[in-house]
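Written below as structure tokens is the structure these notes are about.
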């Protein structure tokens, strides 16, 4: 599967390779999907949050690889810190005054390294062990692509893509482990957002098919980032086979919707989602007169391509 | 025999280490970063545990003012 084009050869507005990010956008609001996935608009400054997340994941991945190669915990922590400092050399971070007034730098190089070191201290004696694949490599940062028995009207198979942080064995059972960062306090309520959840269901579904041993659930290691601390918590989400069948059935119907929008070159707004999660980044664009929307997009947004087929 | 005084170098701060070119950092610098962050974590855990163990202010206020019997009797005197 060497083709890196996630769109149909017949209709460039019709996506054929989907990951949880693009699927989530479509489900939330087709117009938002159009702006982000088809026109590649991203809010200026969003890069910082994306970069922080990438460095955080890469740092912990470095630790996992190092341990799988026989390093001690201390050696692996130092390796992870060193590698992250090098990779994040030009990372400036932000105090993000619009969303965190007077709260200082929550996403900076210092808080990044602190989050990594504190995570590795919190989970120093982690009972969840990284699975070692048949090729001897640790099951970390696994990208997957699977062709589904779902076709569009051009006979093109739909591909499901994703990227698993880590596969672990806990209590003799296999789990997908996903690491998340948040600015909110982590409570049992925090984990309610993950069931049902588009990304978690996609991972759970994919794990039944692409892994040599299917995962029984998804472990979420959540990190609450604050100016002066980082706090960690682990939750486990499981889904039944019937729930995953339901998810796939729904996914198939969303693919039909995506094709309808693409055929008509019209992606309708879901104007009930505009206020979700503090407000959609495109709310001002959608609220404006149609003729000035391009101006607002050019002023407040920048171009960044999100391709589900590109392995991270 | 003259002895040169020990000049204790000012310890490099964490901020300086983060600002330095990471390719110039020595293993001891990395170890210091890790050690300092662990110390900060231990300090925060202690402070957080103390904070969590304190009764909430609202709970105290809702109990109202509790009068001692001596207070009541002395006010009647």
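The values are calculated or read from the model by the stated rules, or taken from the named source; none is laboratory data. Values in this document were obtained by computation on a predicted structure and should not be read as measured data. We place every Cβ from the backbone using ideal geometry, glycine too, and count neighbours over all the protein chains shown.
Would you mind finding the one in A:129, A:141 that is surrounded by fewer than 20 Cβ atoms within 10 Å (Cβ to Cβ), more than 14 Å from chain B (Cβ to nearest Cβ), touching a helix residue (DSSP H, G or I) at 6+ places or on another chain (Cβ under 8 Å) and modelled with pLDDT under 95?
Values: A:129 fails: touching a helix residue (DSSP H, G or I) at 6+ places or on another chain (Cβ under 8 Å).
When all the criteria are applied, what remains is A:141.
Count, please, the residues in the stretch B:37-46 that happen to be touching a helix residue (DSSP H, G or I) at 6+ places or on another chain (Cβ under 8 Å) and either more than 23 Å from residue A:226 (Cα to Cα) or within 7 Å of chain A (Cβ to nearest Cβ) (or both). It would help to see each step written out before you state the result.
Our first condition is that a residue be touching a helix residue (DSSP H, G or I) at 6+ places or on another chain (Cβ under 8 Å); within the stretch B:37-46, this holds for B:37-38, B:40-41.
Now narrow it down to the ones that are either more than 23 Å from residue A:226 (Cα to Cα) or within 7 Å of chain A (Cβ to nearest Cβ) (or both): B:37-38, B:41.
Matching residues across the stretch B:37-46 total 3.
One line per residue, one yes/no per condition, for (1) at pLDDT 90 or above; (2) facing chain A (nearest Cβ under 10 Å); (3) more than 19 Å from residue A:116 (Cβ to Cβ):
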{"site": "B:1", "(1), (2), (3)": "no, no, yes"}
{"site": "B:24", "(1), (2), (3)": "yes, no, yes"}
{"site": "B:35", "(1), (2), (3)": "yes, yes, no"}
{"site": "B:48", "(1), (2), (3)": "yes, yes, yes"}
{"site": "B:63", "(1), (2), (3)": "no, no, yes"}
{"site": "B:68", "(1), (2), (3)": "no, no, yes"}
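Only residues that are free of Cβ contacts under 8 Å to residues at least 24 places away in the same chain and either within 12 Å of chain B (Cβ to nearest Cβ) or over 30 Å from residue A:299 (Cα atoms) (or both): list them for the stretch A:42-68, please.
A:62, A:66
Within the bounds of the stretch B:10-20, is there any residue that is facing chain A (nearest Cβ under 7 Å), at pLDDT below 95 and surrounded by fewer than 10 Cβ atoms within 10 Å (Cβ to Cβ)?
no
Could you list, in sequence order, the residues of the stretch A:164-179 that are touching a strand residue (DSSP E or B) at 6+ places or on another chain (Cβ under 6 Å) and surrounded by fewer than 18 Cβ atoms within 10 Å (Cβ to Cβ)?
Within the stretch A:164-179, A:169 is the sole residue that qualifies.
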